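Contents: one structure, followed by commentary.
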Amino acid sequence: MPQAIRKNTALLVIGDAVSFLMALFLTLTLRRGELPSRAVLSEHLVPFVALIALWLVIFFIAGLYDTYVT
């Protein structure tokens, strides 16, 4: 696999992970009506990171990170 394709795939995966984490933060903010504390974030972060990893694996298996160059 060429270096440029690996770099693009890594950027896609990192972008998705960051988007999921931002969604967690936004959801907690909207749910509580205020910025979440460190305790609330840490309480939700562990299970959410496991779900992020699962979704990234599912996305990879589904071929969403395949890069086709023609």
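The values are calculated or read from the model by the stated rules, or taken from the named source; none is laboratory data. This structure is a prediction, so every number in the text was calculated from the model and none was measured. Here the Cβ is made from the backbone with ideal geometry for all residues, glycine too, and neighbour counts use every protein chain on show. Side chains included, ligands, DNA and RNA excluded: accessible areas come from the protein's heavy atoms. Shrake-Rupley method; radii C 1.70, N 1.55, O 1.52, S 1.80 Å.
Compute the long axis of helix 38-61 from its Cα atoms, compare it with the longest principal axis of the Cα atoms of the chain, and write down the angle in degrees, 0 to 90, nearest 10. Once rounded, the angle reads 20 degrees.
Taking 0.36 nm per residue of separation and subtracting the current Cα-Cα distance, fully stretching the chain between Val46 and Ala10 would add 10.7 nm. Computed over protein heavy atoms with a 1.4 Å probe, the carbon and sulfur contribution to the accessible area of the chain reaches 71%. Taking the longest Cα principal axis of the chain as reference, the axis of helix 3-32 is set at about 20 degrees. Simple spin-label estimate for Phe59 and Phe25 gives 1.7 nm between the two label positions (7 Å along the Cα-to-Cβ direction from each Cα).
Simple point charges give the picture: +1 on the Cβ of Lys and Arg, -1 on the Cβ of Asp and Glu, and for the chain a dipole about the Cα centre of about 100 debye.
The residues of the chain have, on average, 79 Å² of accessible surface per residue, using a 1.4 Å probe with all protein chains present.
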